[in-house]
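Taken together, the values in this text are just the output of simple stated rules run on the coordinates, not laboratory data. If you're wondering where the values come from, they're calculated on a predicted model, not measured in any experiment. Cβ atoms come from the backbone with ideal geometry, glycine included; neighbour counts cover every protein chain shown.
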Amino acid sequence: MSDAVRIIEVGPRDGLQNEKIPISVADRIAFIEALIGAGLHTVEVGAFVSPKAIPQMVGSDQVLRGVSHIGGSEFHVLVPNEKGYEASQAAGAKVIAVFASASEGFSRANINCSVAESIERFKPVVARAKADGIRVRGYISCVLGCPFDGEVKPQAVVDVAKMLWDLGCYEVSLGDTIGVGTPMKARQLLRAVAGSVPMEKLAMHFHDTYGQALANLYAGMEEGARVIDSAAGGLGGCPYAPGATGNVATEDVIYMLEGLGMKTGVDMTKLLAATNEVRRLIGRPPVSRVASALNAKMRTAK
């Protein structure tokens, strides 16, 4: 556990896109600036998707332009197709993310096509990105369970991960979209996928619906995984999975890593302030246990 862990802060995109109350461009920029100020230098800032499908991500081009002047940071945007890619390039994106599901049921419900068809859709995106010198990250949804198909076989995840890797994605993020995974299953999945994609090129993107995300991350770290996707305050959810909570909270991840003696470079006080502000905007308190505890401690101190 002595190796450094890289954290990808996904709150401004994967988190906010599932919140009912849309946040203004100015407030999203301020949120991202606060996260960077807290020491989180890799941030997913938006998505170039249909405004009808995901109105919360309208203005992602303005958000990206609004933060691109900040040096020493890396900004990711989600791109579903060539139209989205062209828009991302017009806004100056240097790192994009494409996504597929490990489950046929989720793929059809989410983007109205099969897993194979979804990959065909973004193949030209990846090809153009490679030609343009743009880095591409790959996401896989429902790696540990699906709200429509139930259990997802590890081999289905391996197959999709290998396709993303072979296409040229520099990293593959494994998403437990509905948060049903447990440590043993997370461990087994990472071992299986690492047979096709190097472990150091795998990221863990675990939601906390059943309270297992930190345990799953720890199990993955024991296997050698060192990249974690998390969202400040545990933002997010999944519209296709009733009761599904957001991503594992960045505060909780930082608390665990620091407790293991790993230096994250993240200032918890500044991260908590960023979380509290975005939670004020969406009208509900953080789901993060650490944020809740620290807020209670501050109230008591007053």
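Dipole of the chain computed with +1 at Lys/Arg Cβ and -1 at Asp/Glu Cβ about the Cα centre; of LEU174, GLY234, ALA219, farthest Cα towards the positive end is GLY234.
If we count other beta carbons within 10 Å of each Cβ, what is the order of HIS69, HIS205, fewest first?
In increasing order of surrounding Cβ atoms, one gets HIS69, HIS205.
Report the charge-dipole magnitude of the chain in Debye, nearest 20, computed about the Cα centre from +1 at each Lys and Arg Cβ and -1 at each Asp and Glu Cβ. Spell out each step's value before the answer.
Values: 31 positive and 31 negative charges, 91 e Å.
Dipole size: approximately 440 debye.
Put a plus charge on the Cβ of each Lys and Arg, a minus charge on the Cβ of each Asp and Glu, and nothing anywhere else: the dipole of the range 69-165 about its Cα centre is then about 280 debye.
Express as a percent, rounded to the nearest 5, the fraction of DSSP beta bridges in the range 6-301 (both residues included) that run antiparallel.
Values: 2 of 34 bridges.
For the range 6-301, the DSSP antiparallel bridge percentage is about 5.
Shown for the chain: cysteine residues without a partner Cβ closer than 4.7 Å, namely CYS113, CYS169, CYS238.
Among the listed pairs LYS153/LYS201; LYS130/LYS162; LYS270/LYS297; LYS94/LYS153; LYS52/LYS153, which are separated by more than 27 Å between their Cα atoms?
Numbers: LYS153/LYS201 21 Å; LYS130/LYS162 17 Å; LYS270/LYS297 15 Å; LYS94/LYS153 34 Å; LYS52/LYS153 33 Å.
The answer is LYS94/LYS153; LYS52/LYS153.
Amide H contacts of GLY46 (H built 1.01 Å from N, in plane; Pro and chain starts excluded): LEU78 sit under 5 Å, all sequence-distant by 5 or more or on other chains.
The value of relative contact order for the chain, using C-alpha pairs under 8 Å at least six residues apart, is 19 percent. Neighbours of SER288 by Cβ distance under 10 Å: Lys/Arg scored +1, Asp/Glu scored -1, total -1.
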